[in-house]
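Working notes, beginning with the structure itself.
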Amino acid sequence: MATVHKTRMLIIGSGPAGLSAAIYGARAGMEPIVVQGLQPGGQLTITTDVENYPGFRDVIQGPWLMQEMQAQAEHVGTRMLWDTITEVSLDGPPFRAHGDSGDVYDGDCLVIATGAQARWLGVPGEAELGGKGVSACATCDGFFYRGKKVVVIGGGNTAVEEALYITNHASEVVLIHRRDSLRSEKILQDRLFANPKISVLWNKQVDHFIGGEKGLTGVALIDTLTGAPSEVATDGAFVAIGHAPATELFKGKLELDAGGYIVVAPGTPKTAIPGVFACGDVMDHTYRQAVTAAGTGCMAALDAERFLAEREFAAARLAAE
Ligand code: FAD
Ligand code: NAP
């Protein structure tokens, strides 16, 4: 029999946005429930060094930061539940979410903080060789490439950080980028170009992954300027071309922009449905940083508190009449 969990504040997602909303919500007495999803702690749990989250002079580790954030949220009264939401009904309040476990979650307000997931190239061989040489997480799988050659595909912060990280394990790393300049921060580019284990193949797009039963053996490339084909032999390939917002649940229920991000009123976390808020990477296609996710999580909790206060005040006045 399904358990129904009732809360004044239901939060879907346990990355920096969801946990910051929880910290503010719990301290405001909203007794939040956070449904954690398949990646408790969110994207920072698959990275290593974090050196731009304010408050820490020394480099900290992403998984450690998220453990601390969760502990802080629990310490002030958040209930963390291990489930994944598979369906939502936004005809509330209460807003209802159905978990993969069969449990049901009713929130007087809803904070959506489902973040983003790795984007794939969608070329032949990628799905077939997934887990057999093709990966989207160097910090998860880099260890398997000790002393081997790997390629990293992409030109943003993630790709450059992945390339730098894998040099701890691999003997040779080739960064493959479709243009002739990187979009990652300069400090990361400086480290990349200074690393003797890393070389860059410019203006190359992956056409398909090469391999078979025994796994990946190479990548077939197309020159984006000349169209010329080429091949690179490799033991591993890390796809690091960005992340797509996790908004499948909300299609047809909330307005999404062309990139699939939840549309909010400018400068706020408010969706078009009163009482439903979105924060973090799921609504932010511009900044997508841990600190901005935490900031919008805080904003969502403050607006949620105002929403509940107004609603509860109106209900109390009606009852008194
Ligand atoms: P996420 O961190 O994506 O968390 C989303 C949460 O939603 C997860 O807990 C997930 O389990 C949950 N969820 C999703 N769907 C469901 C569902 N259906 N039901 C229940 N739960 C669900 N930013 C920095 O500021 N500094 C860095 O150094 C940095 N390094 C990075 C390194 C890498 C490799 C990557 C990928 C990103 C990095 N970022 C960094 C970006 C940063 O991680 C994100 O901006 C931030 O994590 C976004 O937070 P979020 O809470 O919005 O979403
Ligand atoms: P991103 O900034 O969107 O970069 C994606 C990269 O992949 C771009 O270089 C893009 O090429 C390339 N790309 C996209 N689609 C492609 C395709 N189909 N084929 C080949 N290449 C493709 O994504 P990200 O690097 O994952 O970063 C996401 C966000 O997280 C950013 O805001 C970033 O700042 C943040 N982040 C921060 C840190 C940090 O602060 N240290 C670390 C990681 C991530 P083009 O350049 O040609 O578009």
Residues of the stretch 90-111 that turn out to be closer than 20 Å to P245 by Cα and either touching a Phe, Trp or Tyr at 6+ places or on another chain (Cβ under 7 Å) or within 16 Å of ligand 2 (Cβ to nearest atom) (or both), as a count | 4
Check the stretch 69-85 and report whether any residue there is in contact with a Lys or Arg (Cβ under 9 Å, 6 or more places away or on another chain), of a type in the set (S, T, Y) and open to solvent by less than 50 Å² (accessible area, probe 1.4 Å).
-> no
Filter result for F144 (in contact with a Gly (Cβ under 8 Å, 6 or more places away or on another chain), away from ligand 2 (no atom under 14 Å from the Cβ) and open to solvent by 60 Å² or more (accessible area, probe 1.4 Å)) = yes
When the stretch 125-141 is examined, which residues are found to be within 14 Å of ligand 2 (Cβ to nearest atom) and open to solvent by 10 Å² or more (accessible area, probe 1.4 Å)?
-> E126, A136, C137, T139
Within the stretch 63-86, track down each residue that is closer than 16 Å to R8 by Cα and β-branched (V, I, T).
-> V76, T78
Working only within the stretch 99-123, note down all residues that are β-branched (V, I, T) and either in a strand (DSSP E or B) or crowded, with 20+ Cβ neighbours inside 10 Å (or both).
-> V104, V111, I112, T114
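Yes/no matrix, rows are residues, columns are (1) more than 17 Å from F250 (Cα to Cα); (2) modelled with pLDDT of 95 or more; (3) of a type in the set (S, T, Y); (4) more than 18 Å from the chain's Cα centre (by Cα):
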| residue | (1), (2), (3), (4) |
| --- | --- |
| A17 | yes, yes, no, no |
| I33 | yes, yes, no, yes |
| T47 | yes, no, yes, no |
| T86 | no, yes, yes, no |
| G92 | no, no, no, yes |
| D106 | no, yes, no, yes |
| C109 | no, yes, no, yes |
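Filter the stretch 270-294 down to residues that are away from ligand 2 (no atom under 14 Å from the Cβ) and either open to solvent by 20 Å² or more (accessible area, probe 1.4 Å) or among the hydrophobic types (A, V, I, L, M, F, W, C) (or both), then give me how many there are. Talk me through it step by step, then tell me what you get.
First pass over the stretch 270-294, keeping only residues away from ligand 2 (no atom under 14 Å from the Cβ): 270-279.
Imposing the further condition that a residue be either open to solvent by 20 Å² or more (accessible area, probe 1.4 Å) or among the hydrophobic types (A, V, I, L, M, F, W, C) (or both) reduces the set to 270, 272-274, 276-279.
Total satisfying the criteria: 8.
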Selection within the stretch 158-183 - open to solvent by 10 Å² or more (accessible area, probe 1.4 Å) and within 12 Å of ligand 1 (Cβ to nearest atom) | T158, E161, E162, L164, Y165
Checking V50 against (1) buried (at least 22 other Cβ atoms within 10 Å of the Cβ); (2) in contact with a strand residue (DSSP E or B) (Cβ under 6 Å, 6 or more places away or on another chain); (3) not polar (S, T, N, Q), which single condition isn't satisfied?
-> (1)
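The values are calculated or read from the model by the stated rules, or taken from the named source; none is laboratory data. Just so it is clear, the model here is predicted, and its values are computed rather than measured. Backbone-built Cβ (ideal geometry, glycine too); neighbour counts: all protein chains shown. Calculation scope for accessible area: heavy atoms of the full protein, side chains included, ligands and nucleic acids excluded. Shrake-Rupley method; radii C 1.70, N 1.55, O 1.52, S 1.80 Å.
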